[in-house]
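Every read-out reported here was derived from the displayed coordinates using simple, explicitly stated rules and does not represent laboratory data. Because the structure is a prediction, the values reported are computed rather than measured. Glycine also receives a Cβ, built like all others from the backbone with ideal geometry; neighbour counts cover every protein chain displayed.
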Amino acid sequence: MIILQVLLNGILLGGFYALIGVGFSLVWGVTNIINLAHGAIALLGAYITLFLFQYYGVDPFLSLPFSFIPLFIFGYILQRYLLNLVVKAQIFMLLILTFGIEIFLVNFMTTFFSADFRSVTPDYAGESLIIGDIVIPYIRLAVFAICILITLLLSLFLNKTWTGKAIKATSLDIDAAMMVGINPAKIFAITFAIASGLAGVAGSLFSLTQAFSPSMAGSLTLRAFIVSILGGLGRVEGALLGGIILGIVETLSSYIIGESYKNAITLAIMVLVLVIKPTGILGKKYFAEVKH
């Protein structure tokens, strides 16, 4: 029964990883930008939830729109008026730029919220669903359900709306997209805005499951990167699968081998996937091609 509990914990954790990974994957697949500031943007969402909860008593789950909207706007402005200016630069320059943004955001959060670990603990934080020997915290179950729901809604958006189809078309062939009247700069900005908003929501949900601090930005970005590699760039269903795999691998390796080895095991599996299927489990070759 212990192993079932561990697997369940991994699946629940995987839902969060899917949500934080899907935006990272989408930006990488569409704009060819590896956004090293993704984890810091997610933590901004966590601190928005903390601020609203501590000072205004807003339930953490009700704070999700307040994380999404400002970070959506922030992401749009950041891409449209900064990153779009250098989007055709070498990938190394884009890495340096997004890393600089991450450093700025981490220092911003450290200045205003301190470097201490903080947590969001509503009154119902300790309540759990108990099935035999299996314990499922209601908060983790709700976080998992919301993450999966948002990921599926994103898939519907990409497949059923004009903007979503324009995003997919731009990722497939930017020149062909321009020929049918799609503005790549605008699509890049919308894509980055969606990813930033979703990262903010993921950060808000993350604040409910464990303590956090600005120093965790790099760790969250790394996990979003691994999810993208495992599932395949630009693939919503790939992010979902990659997130679940990452969550299970982390919890199983922590239980069987030890907490200190989980990162090594996770990275080893990522390398294995790259060797066997470089495009990711569900990835296609056309994603992450260099845009002209």
With Cα atoms, 0 to 90° folded angle of helix 38-56 axis to the chain main axis: 50 degrees
Overall dimensions of region 1-276 by Cα: Rg and Dmax, Å: 18.4, 60
Listed residue (Phe192, Pro122, Ile167) projecting farthest to the positive dipole end of region 1-276, Cβ model: Ile167
Simple Cβ-charge dipole of region 141-238, Lys/Arg +1 and Asp/Glu -1, about Cα centre, in debye nearest 20: 100 debye
DSSP-loop trypsin sites (Lys or Arg not before Pro) across region 138-202, with at most 16 other Cβ within 10 angstrom: none
Longest segment of the chain lacking chymotrypsin sites (Phe, Trp or Tyr not before Pro) that sit in a DSSP loop with at most 13 other Cβ atoms within 10 Å: 125-285
Tilt relative to the chain, helix 217-231 - C-alpha long axis, 0 to 90 degrees, to 10: 70 degrees
Within the chain, longest stretch clear of exposed GluC sites (Glu not before Pro) (DSSP loop, no more than 15 other Cβ within 10 Å): 128-288
The chain: angle of helix 236-256 to the longest principal axis, Cα-based, in degrees nearest 10: 40 degrees
Magnitude of the charge dipole, the chain, Cβ model with Lys/Arg +1 and Asp/Glu -1, debye to 20: 880 debye
The chain, relative contact order [Cα under 8 Å, separation at least 6], %: 39 percent
Theoretical ellipticity at 222 nm over the chain - DSSP helices of four or more residues, -39500 (n - 2.57) apiece, nearest 500: -24000 deg cm²/dmol
